[in-house]
Each structure stands twice: as C-alpha cells, then as structure tokens.
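**Student:** This is the structure I want to talk about, given as structure tokens.
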Amino acid sequence: MFSLKGRLVYFIIALLVIFAASACTASQASLPPGVYVVDPTFTDFYKEIGGLSTLGPVISPLFSRQDTLYQYTVAGLMTYDPHLSTLQRFHFAPIASLQWNIQGSTEPAPVDPKIPYANGHRIWEEIWSFYDQYGSDIIGLPLTGVTANEEKQRYEQYFEGIGFYRNYSDSPGQIHLMAYGDWMCGDKCQYQDADAIPPSPTLTLENSDNERLFLKAAEQLGYSFTGDPLEAPRAASDGYPEMVFENVIMYKDIANGDQIKLRPLPAWLGMQTEPPTSSTNADWLVFYPIQDGIGYNIPLVFVEYITDHGTMEFSGHPITGYHLLPDGGYSQCFTNLCLEYHPTAPEELRIRPTSLGLEYQTRGANTQAQNSPLSDALQITVWELYSLVPSGQSQRIGIAVIQNNSPLSGVEFYLAVNQPDGIVKSYTLDPTGENGETFVELDPITAANGAVVPYQVCIVKMVTPQVCFSESYIIWDTP
C-alpha cells in the first residue's frame, strides 16, 4: 500500500511525465527549437494578454512547484496558483523584485490625482491603458519610474512581473515587453532572445552617516536630477567623502561646513570647454555673458530645469553652447553636468541630465590629476546663491580661496556690478575667513524679466597683475 505522501509523489511524477509527453506531440515537433506549445492551463491567459505578439513565444514546458503551475514565455513566467482568489490565480511571477532586487528610488506623488501612481512610482503614461486593463494583480507593482537606458538606447519601466520599454527610435506609444522570461530561464531554456543582458540588481545601501547625508541631498534635488546611486560613499583621492550617482558625483566639502557639492564630471571625462560666443536673439534662449559681451546661449527649458534643481550653484556655469540632436532636441554641458532635451521622450524624461556618473563608473576614470592643483597656485571659486533672481530681490555672492589644498584666509576682494539701468555699483568685501570664504549681499535690482546682471570680482593687492573674474546672473520672475 502507498502512503498518502507516497501517492502524492507518484501523482506529481505522473503529471510531469504527462507534461513532458505533451511537449513531444506532432504540433510540438513542428515548432522551432526551444519553442513550446502553450499548455491548456494557460491558453486563455496567454491569448488574453496578447499572445505571441505581446508575450513572445512560450519557451518551456509546463512545470510545477507544490500546487502552483508555471510556464515561461520570453516576456515572463506565467503562473497559476489555485490557492488564490479567482481574479488572482493567473498572474506573472514577481521575477524582478524577488530575483533581481530591482528597486528604484521613490518618486514624489504627482500633483494631478488622475495620474496613476503606485508603490512610490508614477505609471508611464504610454502604458496606462495596459496597466488599467490588467493591473497589479496580474503584472505586479511598479519597481521603478520610467528611466532612460543609454546602453540599450531605450526607455524602460520595471514592474514585478513584466517590464516595458520603447526604443529611442520608436514612435511614442510603440511599447514592447522586456525579456524577463528569457533572462530568468537562462541556460535552462534552449530559446535565446536577442536581448540577452538582464538588469543589474539595485545597489544595497549601507545606511552610514555619509550615505544618509548624500541621499537626503539627492532627494531634495530630485532623483530625476541625480539618478539612482551606483556606489556606496567612499573617500576620494582628495580626502573628501563622495558618492557616485547615475548622472552626477556628489562630495562633502569638509573644508566648508560639510556642504554637499558636485564634481566637475564633464572635465573629468575629457569634455573640452567651448569658446563663448555672442548673444542669439531668440525667445527660447537666455544669454549667459562671460565677459565683454560674449558668453553662452542657454535654452530656456534648461535654465528653468536648473532653477528647479538646486540652481547653478550645483550645475555650475555653462562650458559649451547648445548642440542639436538627431531627434530635434538639443544638449548642453555645464561645469558639473550635461543636460539633454528630447521632444519625443516620455514626459518626465524630456529634459534630463546625461548619465555621466554611469559613464565615469564604467570607464573607471582616474581623477587624481584633476584634483591636484599646482603647489603654489590659487584656486578661486565664485558663485551666486541664486542663478535666477526675481526683480527687487537681493543677491548673495560667495567667494572661496584655496592654496595647496587648504583654505586661505585674509584675501581681500572688491566687486563691481553693472546694473541694467547703467549704474555701476561697487562693494568691498570682508577678507576671507579661516575657511577661505567671504560673502557679500548685493542691493536689490529692479529690472525686466530676462535682464542679465554682469559683475566682476577682483583680488585686492595680493597678485600682480591684478586678477579679476567676470560672472553674471539673471533677473527672472517665475510664475
């Protein structure tokens, strides 16, 4: 007599034999190598989701674990669990969360309550209809927002059970499913999809003090600006803690009150500064003067984006003009990052930083040379608290002086502002303090929207010939 347990094992073995035999029928033999017939268990489900055109071929025979049945398609692992409620029994296994630990940074909820939002992520507008039809019970919860994958040249959004993408070259709405099933099945499945590179797991964070500080700054700036973190914080060659994100590298300036600043990634990656040009008269451009009437023309959308994400104190000043892109957009580099505008991208990715942090991590650039100034050289940094200032509001200018990698105190400066009304106003600054910094509050200026306010900072007495720096900011009333 068989025991109950023995009977169960015998029954499962018998089922596996039947399933294996079903894969060897005449219809199976007519299929390409590695492609299988949809098991009757999943026939209706497979067709309902879109069949071959949506899910791709079935790439495994039916198999079971305990009482749950499974079968792979290229796009995912179809699952039937008889213990769940009727509407949940058929679904896709949560491969991306359980196997690859995909977990994008939480996005703020959209202001418009009509925009679908779940699990801390906005649902990509181009897949709303698909998500609305099948929902999280079948495809799982979103694990990321929509992101740009430069390596594969496509836009992506990961859900637990399936993933969506659109190639850069595709028209908006031309959505495909990622090869979750093929990635997961791997060598166990004979069928091999052309998209053979599975995703990398999300970085496991250490919850250190520096990490919390960097992540707080990233949250304030917006993860759409910084990108997700790629590495845990580390000590850089200059001794400052830094953390690499997809688009930028943050560092903690321990010589200046632990301020969070950005590294000059464009220069570290070998991008050359372009010479400034004259102003172009166009309502979609803002002119950023450098000196003597020349400077850089910046697309207004970039100016607004920078203003919304930390101002030019973080992005740095422009180092190139804007350049047209093949899709009708344009790009431009600043001291610490590069920006791109893509008119056919998903709404939240139309204006985005270039993934310089990812490129830096991939190339393993050695930045020690860039961080090592000449032993007797002065490093002088000038910045504005606001890159755009509303009419009638005061501006604050900061200056920092470093020599031999140490702050230099006692350095005196004067500053002259060329106001839009033609008046030149001069200011004498206090000498730099022990931290090598000094600040001055400028008088409020009333001027038209878009007016440029040039100013010049000069060192007093210390060097001959006299050294001066020309900078500017813009009067801009945001609605």
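**Student:** Among the listed residues D193, D182, which satisfies the condition of being in contact with a helix residue (DSSP H, G or I) (Cβ under 9 Å, 6 or more places away or on another chain) and surrounded by 16 or more Cβ atoms within 10 Å (Cβ to Cβ)?
**Tutor:** Checking each option against the conditions leaves just D193.
**Student:** Of all residues being out of contact with any Phe, Trp or Tyr (no Cβ under 8 Å at 6 or more places or on another chain) and within 22 Å of P326 (Cβ to Cβ) in segment 168-179, which is surrounded by the fewest Cβ atoms within 10 Å (Cβ to Cβ)? Just the residue, please.
**Tutor:** Top of the filtered list is S171.
**Student:** So how many residues does segment 205-234 have that are under 18 Å from the mean Cα position of the chain (by Cα) and at pLDDT below 80?
**Tutor:** Residues meeting the conditions: 1.
**Student:** Just checking, does segment 151-164 include any residue being in the same structural domain as P326 (by TED's automatic domain parsing), in contact with a Phe, Trp or Tyr (Cβ under 7 Å, 6 or more places away or on another chain) and among the small types (G, A, S)?
**Tutor:** Looking through segment 151-164, none of the residues is in the same structural domain as P326 (by TED's automatic domain parsing), in contact with a Phe, Trp or Tyr (Cβ under 7 Å, 6 or more places away or on another chain) and among the small types (G, A, S).
Okay, residues lined up against (1) under 21 Å from P33 (Cα atoms); (2) assigned to a loop (DSSP other than H, G, I, E, B):
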residue	(1), (2)
K152	no, yes
Y155	no, no
G161	no, yes
S169	no, yes
Q174	no, yes
W183	yes, no
G186	yes, no
Y191	yes, yes
P198	no, yes
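Conditions tested, residue by residue: (1) assigned to a strand (DSSP E or B); (2) touching a residue at least 60 places away in the same chain (Cβ under 8 Å).
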| site | (1), (2) |
| --- | --- |
| Y72 | yes, yes |
| H83 | no, no |
| I102 | no, yes |
| E107 | no, yes |
| I115 | no, no |
| Q133 | no, no |
| T144 | no, no |
| A148 | yes, yes |
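**Student:** Something else now. Let me spell it out: the conditions are (1) surrounded by fewer than 20 Cβ atoms within 10 Å (Cβ to Cβ); (2) not in a helix (DSSP H, G or I), and L77 meets all of them except one. Which number is the exception?
**Tutor:** Looking at each condition in turn, L77 falls short on (1).
**Student:** Checking L77 against (1) in contact with a helix residue (DSSP H, G or I) (Cβ under 7 Å, 6 or more places away or on another chain); (2) within 30 Å of E219 (Cα to Cα): exactly one of these is not met. Which one?
**Tutor:** Failing condition for L77: (2).
**Student:** Given the conditions (1) at pLDDT 95 or above; (2) in a loop (DSSP other than H, G, I, E, B), and given that C24 satisfies all but one, which numbered condition is not satisfied?
**Tutor:** Failed condition: (1).
The values are calculated or read from the model by the stated rules, or taken from the named source; none is laboratory data. Owing to the predicted nature of the structure, the values given are computational and were not obtained by experimental measurement. Every residue, glycine as well, gets a Cβ built from its backbone with ideal geometry; the counts of neighbours run over all protein chains shown.
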